[in-house]
Structures are given as C-alpha cells and as structure tokens.
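Beneath this line is the structure, given in structure tokens, with notes to follow.
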Amino acid sequence: MDPAEHDLEREIDKALRRLPALRAPQSLAPRVMRVVMATSYAPSETVPAGGWRRWPAAWQMLGLVAACSMAIAFGLALAVGAEWLGSLPAARAAAALWQVFVAPIAGPVLAFTAVMGAAGALLAAALKHVAWEGQEISDT
Amino acid sequence: MSDVQRFEAFLRAHQDRVFATAVRLVGRSSEAEDIAQTTFLRAWERFGALCDNPAAGGWLTTVATNLALNHLSRHRSRWRLFSELAGDDAGEPGFDASLLAGEPGEDPLAAADEHARLERALRALPAHQRVPIVLYHFDEQSYEQIAARLRVSVGKIKTDIHRGRLALHAALKGTDGSR
C-alpha cells in the first residue's frame, strides 16, 4: 500500500474510533414498546418454530401422525368418491366429454402455462435486477 | 419479571448500538430509527432464544446492518435523486450533535466540535462511499468482504473508500473537501 494512503487510513481509522457512541433518540424505546404491547407479538414458547427438524421430538411425532392420518383419509375418500361417481350417469357423460374434448389439449395447455410462468418469473427477476441492481440480502 | 419487562431492559441495553449501526449506514436519523425499530421487533419474535444469549448484541448488529443495506438498495434510485438535488446535505436535519455521548478526559468543546464535524461529514458522504467506510472501519470487514456483500468489484470499493477518507480528512482539517 502507498505510504500516504496508509497514513490516511490510520488517521481516519483513529478519528472514527474516537467518535463517542451515538445515543438512540429517546423516542425509540417507547415506540418499540408501544408496538410490542399493541400487537400480538409474543415470544413463541408453545408453538414450535424454525421448521419441522427443529421441533421437539413429541411435536415431530404428533406432526408425523397427523400427516399420515390426513394422507390415509384422503386416499380413502378418493377411492369411495370415485366408486360413487362411477355409478352416476352424469359423471359417465362428463368423463366421456373430458376424453373427447379436454384430454387431447390438456398436455399442450399445461406445457404452455408452465413456459409462460417460467418466462414471467425470468422477466420479474430481470426487472428486479435492473431496478435494484441486485438481490436483497437476507435480514438475519 | 415478565417477558415484556425483560425485553424492555434488553432494548434499553442495546438501543444505542443498534441505532448507531443503522444511522451510520443510512445517514439519516429518522430512517435509522425505523430500522432500529424493525430490528427490535425481529428480536422480540425470537426473544426466547436471544434474552440470555451473549451473542445477542452481534445478532442485533447483523440484523440492523442487513436491514440498512436492504433499505439503501431498495430506495437507491430515490435516494440518489434526493442526494443529487441536495448536493451537500451536511446540514440535514436528521443529524443532532446532542446524540453524541461525551468522553471523559477530553477538552469537551474542542472534542465535541471535532466529533460533530466528523460525524456530519460521514453522513454527508454519498452512500457508495459511506457504506464501505462504515463496514471497513466500524464493522472491521475486509475490502473483499465488503465487495462481495455489496456486489461490486474490490477496485471500486478501494476507490470509494479512498475518496471517502479524503473527504473525511478535509472535514477534520476544516478545509473545503471538494474532490
């Protein structure tokens, strides 16, 4: 490093480090406490936070059992519903219409929707890059 | 003592540090106060984990720094327009010399004058000089870390910091500071 630059760095560093601590305005603490008191913010003790893997073991088991129960119930409801619908003439007619009119174009329509969605996301990312000159930094 | 009372004590213990971090980065007291408020509300959401954590101060500083950088990046265009219109905003109303805490053992008047001049000059720097200077001198980050964080080249960071230092040096010496 150039000696003059080194001296300048040392001088500014020394001056900045000698700056006394800044005091927060007196309004800050009451302002924060008003929000804390007025909203439903509360430290989470009863509801586990931070993702399933960070939950206590009991909560993990409970979550797993609930998820399995819901999956089984959904599967049963689907089987029973399909059997019941199959016995209805209207449902048989709707299925025939689906096969004739909708099924042939369903694939291309889905593919078109996916391509348009991806193009929209790319456009949004490009706009964000141009407008903000980069991405945001995670706050925490 | 209830959680709310403990949080208030926590807030009062750390508020100066959080506010100082924010105000030196964004340069304006009102915006720094908003950032400090958001930082403490984030802390309240995680207070169970933070209250007895010795690293809480560092966590608060990191959150305040990231919020301030996001704020600057989000409002960059508007900020640039205003700073160009204002030219030199050394007299911006957000700066209040009474916010400076005194230091024992110094000639109070001379020291206060020098500190106020330096603090004012720091806030008057354009953001692209002020932010790297604050991260380098207060946050002790390297040129490379700052460049990576701000997504610009190391060369630009070095140039901006050099120009910022020259402006601060001029303010300390009481000269014009034009560059």
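The values are calculated or read from the model by the stated rules, or taken from the named source; none is laboratory data. Since we're looking at a predicted model, the values are computed, not measured. For neighbour counting, all protein chains shown are included, and Cβ atoms are generated from backbone atoms with ideal geometry for every residue, glycine included.
Numbers for the structure displayed
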quantity: Total residues in the range B:11-27, condition surrounded by fewer than 21 Cβ atoms within 10 Å (Cβ to Cβ) and more than 10 Å from chain A (Cβ to nearest Cβ); calculated: 1
quantity: Candidates B:R151, B:R130, B:R117, B:R123 - the one that is modelled with pLDDT under 90, within 22 Å of B:H75 (Cβ to Cβ) and either surrounded by 14 or more Cβ atoms within 10 Å (Cβ to Cβ) or in the same structural domain as B:A22 (by TED's automatic domain parsing) (or both); calculated: B:R123
quantity: Subset tally (residues that are more than 9 Å from chain A (Cβ to nearest Cβ) and either closer than 23 Å to B:I133 by Cβ or of a type outside the set (S, T, Y) (or both)) for the range B:1-10; calculated: 5
quantity: Among residues of the range B:31-52, those that are touching a residue at least 24 places away in the same chain (Cβ under 8 Å) and under 12 Å from the mean Cα position of the chain (by Cα), counted; calculated: 4
quantity: Test: residue in the range A:21-40 that is closer than 30 Å to B:K158 by Cβ and either in contact with a Leu (Cβ under 9 Å, 6 or more places away or on another chain) or modelled with pLDDT of 90 or more (or both); calculated: yes
